[in-house]
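Report on the structure given below.
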Amino acid sequence: MTARSNLLTAEAAARAKELEFFARTRVEGFLKGQNWSRRKGASTEFLQHRAYMPGDDLRRLDWRVFARTDRLVTREYEEFTNLDAVLALDTSGSMGYAGEAMSKIEFARHCAAMLAYLLNLQNDRFGFAALSARVTDFLAPSNGKRHLAELFRRMVSAAPAGETDMGACGAELLRRAGRKSVFVVFSDCFQEPAGLCRGLGMLRQQGHDVLVLHVFDPSETDLVFPGFTLFRDLETGQLDGADPMELREAYRDVCRAHSQALKDGLNSYGVEFAPLPVTAEWDVALAELLMRRR
């Protein structure tokens, strides 16, 4: 399993075993040992009584209640369900930017791999989507070692290129989604907030849980470049020259405003937004974020 060895260190794999990834809202269930849902089932965990209706399974009648109250009621139970998670990776050109640590897409791959490993440990189903101007690759949720290896292979082969259109991607993910799922989106969010929020908000409006992890390199947001610099847009190829010293403060204000607009816009749809700065200790950064979500 070459892809696994390239993406996951032994230390990170050990850390994954200690983490519990909690879905923010109940979708089909949430992770904590086994996953629970409010879907009615036939497990051993009692949920509630309700009045008997013609056609109900007579084996679920509670005869003790009938003996005390002379009322026919049936027993309902909670059942264990598995989580469906889709790890969605922004593969647009801007994700190829690399500062001192590693490129944004490499960082996101490592974090997504750690999550996939964790979900597999929990016997949950997980899938993969590569996003740019459209969904360029999609692996439907499943589980098992072979599925994990295939997911890693696809993540490694997803090279950054093209522009970002989360509106188109959100609509396509909605068409591909099966049952209610958790979508974990790793993206630098280099798009107008309104379109991005609307695209991912569609998933939330249809009952899916969505978490957007804003992958950014601090050198991008702080514009720490000495002297006159030629900047190339990694998505369009456009070249522009500028002196960072002259526009650093204004640029930082724009970055802060963009991040706030993303957070406010996504939150208005019920989508969770969390910053995830690129760092050499990627497993620690992800672990801290997930622990905070608990």
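Observations
- For segment 277-286, residues that are surrounded by fewer than 13 Cβ atoms within 10 Å (Cβ to Cβ) and charged (D, E, K, R) total 1.
- Some residue of segment 175-185 being of a type in the set (Lys, Arg), touching a Gly at 6+ places or on another chain (Cβ under 8 Å) and surrounded by 15 or more Cβ atoms within 10 Å (Cβ to Cβ): yes
- Residue list for segment 116-136, filter: without any contact (Cβ under 8 Å) to a residue 40 or more places away in the chain and farther than 14 Å from Asp84 by Cα: Arg134
- Qualifying residue in segment 221-239 (condition: modelled with pLDDT of 90 or more, over 18 Å from Gly93 (Cα atoms) and in a strand (DSSP E or B)): no
- Test: Arg109 is buried (at least 22 other Cβ atoms within 10 Å of the Cβ), touching a residue at least 24 places away in the same chain (Cβ under 8 Å) and over 20 Å from Asp209 (Cα atoms): yes
- Being of a type in the set (Gly, Ala, Ser) and not in a helix (DSSP H, G or I) is a property that Ala161 has.
- Filter result for the condition that a residue is assigned to a helix (DSSP H, G or I), surrounded by fewer than 23 Cβ atoms within 10 Å (Cβ to Cβ), assigned by TED's automatic domain parsing to the domain that holds Glu192 and in contact with a helix residue (DSSP H, G or I) (Cβ under 8 Å, 6 or more places away or on another chain), over Leu151, Leu115: Leu115
- Residue list for segment 77-107, restricted to those being of a type in the set (D, E, K, R) and at pLDDT 85 or above: Asp84, Asp90, Lys104, Glu106
- The residue that is nearest to Tyr97 (Cα to Cα), among those in segment 258-276 that are in contact with a Ser or Thr (Cβ under 9 Å, 6 or more places away or on another chain) and crowded, with 17+ Cβ neighbours inside 10 Å, is Ser259.
- Screening Cys189 with (1) under 22 Å from Glu220 (Cβ atoms); (2) in a helix (DSSP H, G or I) gives one miss only, at (2).
- Here Ala161 fits the description: under 21 Å from Gly199 (Cα atoms) and either touching a helix residue (DSSP H, G or I) at 6+ places or on another chain (Cβ under 7 Å) or among the polar types (S, T, N, Q) (or both).
- Of all the listed residues (Thr136, Thr74), the sole one being part of a strand (DSSP E or B) and either modelled with pLDDT under 85 or among the hydrophobic types (A, V, I, L, M, F, W, C) (or both) is Thr74.
The values are calculated or read from the model by the stated rules, or taken from the named source; none is laboratory data. In this text the structure is predicted, and so the values were computed from the model without any measurement. A quick note on method: Cβ atoms are made from the backbone with ideal geometry, for glycine too, and the neighbour counts reach across all protein chains shown.
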